[in-house]
Amino acid sequence: MFALQNEHRERKRSSCCSTAVNDLVYIIDGSWSVGFSDFDTAKQWLINITSQFDISSHYTQVAVIQYSDTPRLEIPLGKHQGGADLLQAIQSITYLGGNTQTGRAIKFAVDHVFSSSQRASLVKNRIAVVVTDGKSQDDVVDASMEARAQGITVFAVGVGSEITTSELVSIANKPSSTYVLYAEDYTTIDRIRDSMEQKLCEESVCPTRIPVASRDEKGFELMVGMNIQKKAKKIPGSLVSETAYTLTASTDITESSREIFPEGLPPSYVFVATVRLKGTSSKLPFDLWRVLSKDKEVQAAVTLSGKDKAVTFTTTSMTEKEQRVIFKDAEHTVKNTLYDGKWHQLKLLVRPRQVISFLDDQQMQEVMLDPVEPIYINGETQVSKRRGTDATVEIQKLRLYCDPHQSERETACEIYSNTKILLVIVKVVFLLQDTMQKYFPPTEILYFCHT
């Protein structure tokens, strides 16, 4: 029985985070300031978010705490082992009313709810989502610090104009830009639904970190995960400060998908590759990156074709075997072509129903996607593969970021032509720093060029 369940887990990792192994606890404000109508809206918001998870003893288990003067455990952790039953239970929660004791509710979650999990050794993520519409009437700092000390990731969702930003920051993990969310009021809370879903998926699916500038970004450093730095020959990169690697026909970059993407892919992500295509790689088509199922079916792939001056993104489809999006690298669209033998940065921003391509920070095309199917992680993930053999390519960067907003922060400043422009800007700032530094600190500009 265990083998069958394990095989199911290996095969059914979704391109969203439905099968992540989470203990997820909602801590929702039921004080008088919320009101009956808005409380119903908050419940529906929880239902919408929870629907993305596979609710079972093997995947995500959910608990719900409603709080006012005292916390009330509405749904014990793991009580409902099916999605339909859980969603109905959330819908049936009755409004409490009372004052706002948020700190007490967080402490209750730590001491009595997370600790009650029957599968503590198996859970990969312990997540709390605190929803409040006002300032707490007790201290939230100690309880929140204890939650984080026990490895619980805390999100804080503030609703309305009576919230205190500093309090939300105290409750949530850092950075607050990731773990604190705001809604204007309960009627507009659904506007942050996609953001909340994405952040929960990032927390569930993307446990690893990529060092970027002054912080870490959740994602997959494929240069390391795919062992490219160990298997390929080191060469000079696009700048003196950069290192790249040559992948030849004899360099087999293949790893188990379970090792690279153990929880599948998030619903949105940013694929970034800095490459130089020379020789046959600038002419013949090859897969720069691909994820294959056990049956060798493509789950995700980025294919380059110098002959057609095109980039093809392949993903799954609910109606067809797969779906492909072709981006034409036309010279009238971007200043340089990907296939001119120089260093270039290719970036794909992938969302559930959309993919946008960029070359050296210049947008190429935006194409809509059909709904995708879950991906299989029981096969292999590969880099630089041509049908029947390996392709020769020079790679400096190969990353997959989980936060779609990283597309805006990840610039192509490592490309020489872009760096020259950036250096001119930095020089101007330094020359004018006496009058401008308080508005445009040089470190802020240099930040964008950190790779």
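The values are calculated or read from the model by the stated rules, or taken from the named source; none is laboratory data. Everything quoted here is computed from the prediction, not taken from an experiment. Here the Cβ positions follow ideal geometry from the backbone for every residue, glycine too, while neighbour counts run over all protein chains shown.
Here are some notes:
- Members of the range 120-143 found to be within 30 Å of residue 56 (Cβ to Cβ) and either of a type in the set (Val, Ile, Thr) or over 24 Å from the mean Cα position of the chain (by Cα) (or both), listed by number: 120, 121, 123, 127, 129, 130, 131, 132, 143
- Meets criteria (surrounded by fewer than 19 Cβ atoms within 10 Å (Cβ to Cβ), under 28 Å from the mean Cα position of the chain (by Cα) and at positive phi) for residue 97: no
- Residue in the range 309-319 that is more than 27 Å from the chain's Cα centre (by Cα) and either under 30 Å from residue 52 (Cα atoms) or of a type outside the set (Phe, Trp, Tyr) (or both) present: yes
- Residue in the range 401-418 that is at pLDDT 85 or above, part of a strand (DSSP E or B) and assigned by TED's automatic domain parsing to the domain that holds residue 275 present: yes
- Count of the range 269-298 residues, restricted to those that are over 30 Å from residue 203 (Cβ atoms) and assigned to a loop (DSSP other than H, G, I, E, B), is 7.
- Taken over the range 216-225, the criterion of being surrounded by 14 or more Cβ atoms within 10 Å (Cβ to Cβ) and either over 18 Å from residue 257 (Cα atoms) or touching a helix residue (DSSP H, G or I) at 6+ places or on another chain (Cβ under 7 Å) (or both) is satisfied by 217, 218, 220, 223, 225.
- Taken over the range 50-81, residues that are surrounded by 20 or more Cβ atoms within 10 Å (Cβ to Cβ), modelled with pLDDT of 90 or more and hydrophobic (A, V, I, L, M, F, W, C) amount to 6.
- Residue within the range 331-348 that is buried (at least 22 other Cβ atoms within 10 Å of the Cβ), outside any loop (DSSP other than H, G, I, E, B) and among the basic types (Lys, Arg) present: yes
- Residues of the range 145-164 that are within 24 Å of the chain's Cα centre (by Cα) and polar (S, T, N, Q): 150, 153.
- If the condition is being over 29 Å from residue 139 (Cα atoms) and either touching a Lys or Arg at 6+ places or on another chain (Cβ under 8 Å) or hydrophobic (A, V, I, L, M, F, W, C) (or both), then the range 79-110 contributes 84, 86, 87, 89, 91.
- Exactly one residue out of 239, 265, 200 is modelled with pLDDT under 95, hydrophobic (A, V, I, L, M, F, W, C) and more than 23 Å from residue 349 (Cα to Cα), and it is 239.
- Any chance residue 303 is in contact (Cβ under 8 Å) with a residue 40 or more places away in the chain and either assigned to a strand (DSSP E or B) or surrounded by fewer than 19 Cβ atoms within 10 Å (Cβ to Cβ) (or both): no
- When residues of the range 352-370 are limited to those that are in contact with a helix residue (DSSP H, G or I) (Cβ under 9 Å, 6 or more places away or on another chain) and assigned to a strand (DSSP E or B), the one nearest to residue 283 (Cα to Cα): 358
- Filter result for residue 94 (closer than 24 Å to residue 185 by Cα and either free of Cβ contacts under 8 Å to residues at least 12 places away in the same chain or among the acidic types (Asp, Glu) (or both)): yes
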